[in-house]
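Heads up: the structure comes next, in structure tokens.
The values are calculated or read from the model by the stated rules, or taken from the named source; none is laboratory data. Since this is a predicted model, take the numbers as computed values, not measurements. Cβ: placed from backbone, ideal geometry, glycine included. Neighbour counts: every protein chain shown.
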Amino acid sequence: MDFQPSEEQLVLLRSVRDFADREMRPLAATWDHEARVPDQKVIDQLVEMGLVGMCLPEQYGGGGQELVSALLCIEQLARISPLCASSVFESNVGPVRVIERFGNKEQKRRYLPAVCRGELEISIGMTEPEAGSALTDLRTRASKVDGGWRIDGRKIFCTGGGHSEAYMVYCRMNDELGAKSIGAVIVEKGTPGFSFGKQEEFMGLRGFPSADLVFDGCVVPDDNLIVPAGGFRSLMQCFDIERCGNATMALGISLGALETATAYALERETFGKPIAERQAIQMMLADMAIRVDAARLLIHRAAIGAESGFPSVKETSMAKVFANETAKAVTDMAMEILGAYGYTKEYPVERMLRDSRGWPLAGGTLQIQKIIIASAVLGRRFDQRK
Ligand SMILES: Cc1cc2nc3c(=O)[nH]c(=O)nc-3n(C[C@H](O)[C@H](O)[C@H](O)COP(=O)(O)OP(=O)(O)OC[C@H]3O[C@@H](n4cnc5c(N)ncnc54)[C@H](O)[C@@H]3O)c2cc1C
């Protein structure tokens, strides 16, 4: 296993880092304050740099690159704000990967090039009021009708809800309970019978739209069926790619907090000396740096496995838990290092701390990831319903 970025990846990483510092750093606080999605101009710049859809196949307009390359870019962008990385995230690790892996030629032709051009974002609708961690309790129903599927039900907490043009919706496709009858259909904005509920207001990740998806007799054509009933396992394997992205968003926040705290510690003087010379501060910076590096190594170990199919679920869950917990711990330490200034909006640390709290919930909670890890360690599956 080689965890060293190649020369090509280092060049890419540096150019993304420079771009993020130059173009996005000045805007990140405003996007948070106004809870605003980045302008299309910013997305166009990311498209121009070849980052949007960089892991999708070249024949559909993608970059054909490996997952780790996209994660290196997501980390550098999320270092400024996860919002900066959102279109790179969605187009490389989001539900578009379900179409890339399981869609037919026509479906790929319909969606992938538009995603790569930055014209189409696809969101994922899994969670329901009674089905969060217990996802296989989901009730949104896709019933077979002549020439298509009729969808009825409600999804909640959908990131991109109201903003994205298309939605990968997990549905129950027959009367059987549990995972066996779950599949996924794609529903486009504007389809009759599909509307949006209230926009959520989260403590962090402001600027990421999040809304309920409401389906009331919404009929989509047969062509919109991406994964038929029985494909729940495939959907979850594909979702492990997204979990690597989730962990990388948390890693990027951690790196941003470490860099902010380091610069501050070198500059801020108390009792006639920079606080960087105090051992108490040095210990915190060392702990932060260890955790950031360890999180990156765990993520890249999981992501490298993705090239040969899908990342291992155990390795992905370990990376997600560690990176999510790292972001909480590192932003907390950064706030201590900045003293009262860390608690103000003058510095980005309070935003980073708020943003760090979202990633452990999105993509499956820490407790659920730990159940997955424990199952792998113990070599047993623990049925949560028994
Ligand atoms: C920022 C953000 C973005 C999101 N984006 C999306 C999205 O795009 N699409 C989407 O479909 N969903 C999305 N979600 C929803 C997310 O996937 C769910 O919130 C998550 O899976 C947890 O479900 P829940 O909130 O219903 O918690 P619950 O399942 O009700 O869990 C509550 C608590 O109980 C614990 N718990 C539950 N079951 C067990 C168990 N068996 N053993 C031990 N502990 C347990 C949980 O870990 C948690 O601590 C997002 C959420 C957030 C916060």
**Request:** Could you pull out the residue among Gln76, Gln59, Gln9 that is under 22 Å from Pro113 (Cβ atoms) and not hydrophobic (A, V, I, L, M, F, W, C)?
**Result:** Gln59
**Complete:** Taking first residues from the range 306-327 that are more than 16 Å from Ala78 (Cα to Cα) and second residues anywhere that are crowded, with 23+ Cβ neighbours inside 10 Å and charged (D, E, K, R), the pairs with Cβ under 7 Å that are 6 or more apart or on different chains are Phe310/Asp240; Pro311/Asp240; Val313/Asp240; Thr316/Asp240; Thr316/Arg243
**Asked** Which members of the range 15-50 meet the condition of being touching a residue at least 60 places away in the same chain (Cβ under 8 Å), in a helix (DSSP H, G or I) and aliphatic (A, V, I, L, M)?
**Response** Val16, Ala20, Met24, Ala28, Ala29, Ile43, Leu46, Val47
**Request:** Pairs only if they're at least six apart or on different chains, beta carbon under 8 angstrom, first in the range 362-384 and under 30 Å from Gly160 (Cβ atoms), second at pLDDT below 95 and near the ligand (Cβ under 9 Å from one of its atoms); list them, first residue then second.
**Result:** Ile371/Phe382; Ile371/Gln384
